[in-house]
Amino acid sequence: GTLTVAIGDATDHGARAGTMVTAVKGLFNILVEEHDLRVVIRRATTALKNMHLGNLYMAFALVKLQDNTLRLVGAGMPGALVHRASSGQIDQVSLSGMPLGSLVEYPYEVSEIQLHPGDTVFLMSDGFAERFNPAGEMYGYSRTKEAFTEVANLSPADIVDQLVAV
């Protein structure tokens, strides 16, 4: 009865980033039954620190949806955007936290929000807002929010198609 979603973005590129992604996927599969999101993040960070991967980290967000309650915790990821179908407004949910593998004792915060029929949640890595257009301009978080506002009433597949095209 619970939907669990994870989104991550490893530092570095190539094999080094692949090592981090593989490690986190394994940890996520082991820890997915844990209900306390802070425990998941702390255990994952501890395990990664114990692997002695050097300066490899992973921005990560973990979300659990049960009934109409969405619980979110972030480890270096940008906040989530929630489009409220009833009002058309966008709520921003902060996901502040240090990336996985960095600080074991960081006091991660869990955000909890109520969702209503038709509400849409947008999770992203910083790569979405920090991409550049052909003129060398960064897309930015305010334009990301505007773009999401324009498409939030569409189907999930159409939202993805529209946001990828911006």
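The values are calculated or read from the model by the stated rules, or taken from the named source; none is laboratory data. Being a predicted model, the structure only gives us computed values, none of them experimental. For neighbour counting, all protein chains shown are included, and Cβ atoms are generated from backbone atoms with ideal geometry for every residue, glycine included. Side chains are part of the model used for accessible areas, which takes the heavy atoms of the whole protein and leaves out ligands, DNA and RNA. Shrake-Rupley method; radii C 1.70, N 1.55, O 1.52, S 1.80 Å.
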Flagged in segment 12-48 as closer than 18 Å to VAL110 by Cβ and in contact with a strand residue (DSSP E or B) (Cβ under 7 Å, 6 or more places away or on another chain), in numbering order, are PHE28, VAL32, LEU37, ARG38, VAL40, ILE41, ALA44, THR45
When the residues of segment 154-166 are narrowed to those that are closer than 13 Å to VAL121 by Cα and of a type in the set (Val, Ile, Thr), which ends up most open to solvent (accessible area, probe 1.4 Å)? VAL160
For segment 84-93, what are the residues that are open to solvent by 80 Å² or more (accessible area, probe 1.4 Å), part of a loop (DSSP other than H, G, I, E, B) and touching a strand residue (DSSP E or B) at 6+ places or on another chain (Cβ under 8 Å)? GLN89
Out of the residues in segment 42-77 meeting the condition of being free of Cβ contacts under 8 Å to residues at least 24 places away in the same chain and part of a helix (DSSP H, G or I), tell me which one is most open to solvent (accessible area, probe 1.4 Å). ARG43
Residue list for segment 144-155, filter: touching a residue at least 12 places away in the same chain (Cβ under 8 Å) and not acidic (Asp, Glu): THR144, LYS145, ALA147, PHE148, THR149, VAL151, ALA152, ASN153
Residue pairs meeting the criteria (Cβ under 7 Å; at least 6 apart or on separate chains; first within 14 Å of VAL166 (Cβ to Cβ), in segment 120-136; second charged (D, E, K, R)): GLY127/ASP9
Only residues that are without any contact (Cβ under 8 Å) to a residue 60 or more places away in the chain and either in a strand (DSSP E or B) or not charged (D, E, K, R) (or both): list them for segment 28-41, please. PHE28, ASN29, ILE30, LEU31, VAL32, HIS35, VAL39, VAL40
For segment 107-153, enumerate the residues that are closer than 22 Å to LEU65 by Cα, of a type in the set (A, V, I, L, M, F, W, C) and open to solvent by 40 Å² or more (accessible area, probe 1.4 Å). VAL110, VAL121, LEU123
Condition met for MET98 (surrounded by 11 or more Cβ atoms within 10 Å (Cβ to Cβ), under 16 Å from ALA165 (Cα atoms) and modelled with pLDDT of 90 or more): no
Which residue pairs have Cβ atoms closer than 8 Å, lie 6 or more positions apart in sequence or on different chains, and pair a first residue in segment 15-27 that is surrounded by 20 or more Cβ atoms within 10 Å (Cβ to Cβ) with a second residue that is of a type in the set (Val, Ile, Thr) and not in a helix (DSSP H, G or I)? MET20/THR11
Does VAL104 satisfy the condition of being modelled with pLDDT of 95 or more and either over 13 Å from the mean Cα position of the chain (by Cα) or under 21 Å from GLY8 (Cβ atoms) (or both)? no
Looking only at residues in segment 73-92 that are in contact with a Leu (Cβ under 6 Å, 6 or more places away or on another chain) and aliphatic (A, V, I, L, M), which one is nearest to LEU154 (Cα to Cα)? ILE90
